[in-house]
Amino acid sequence: RNQHGGSQSVLAPKCQVLGWDVSRGIIAAIEGRVRWVGDFELMILAKVLRAGPLDLLPKQINLNQLTKQKH
């Protein structure tokens, strides 16, 4: 988002037009790596940002920093 010069407040409504009910706060949580992103959300973000979905994923993942999901 920063590379395209858009703010969180601009990105959220663009995502909403494509069917994702998202707020500026949710965008902030995603950027802060506090909130998980679903596959359809990733696709909408990629479209709005004019990027490929893989471009939005981290280049490296430290498996020691991932938390285990509790079922």
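The values are calculated or read from the model by the stated rules, or taken from the named source; none is laboratory data. Everything numeric here is computed off the predicted structure, so don't read it as measured data. No Cβ is skipped: glycine too gets one built from the backbone with ideal geometry, and neighbour counts run over all protein chains shown. Calculation scope for accessible area: heavy atoms of the full protein, side chains included, ligands and nucleic acids excluded. Shrake-Rupley method; radii C 1.70, N 1.55, O 1.52, S 1.80 Å.
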Could you tell me the accessible area of ARG35 in Å² (1.4 Å probe, neighbours in place), rounded to the nearest ten?
80
Spacing of the two label points (7 Å from each Cα toward its C-beta) at VAL34 and LYS59, in nm
2.7
Between the modelled labels at VAL17 and LYS47 (7 Å from Cα along Cα→Cβ) the distance in nm is 1.2
Once a ≥ b ≥ c are taken as the square roots of the eigenvalues of the Cα gyration tensor of the stretch 12-71, is the result rounded (a/c under 1.5), prolate (a/b larger than b/c) or oblate (a/b not larger than b/c)?
prolate
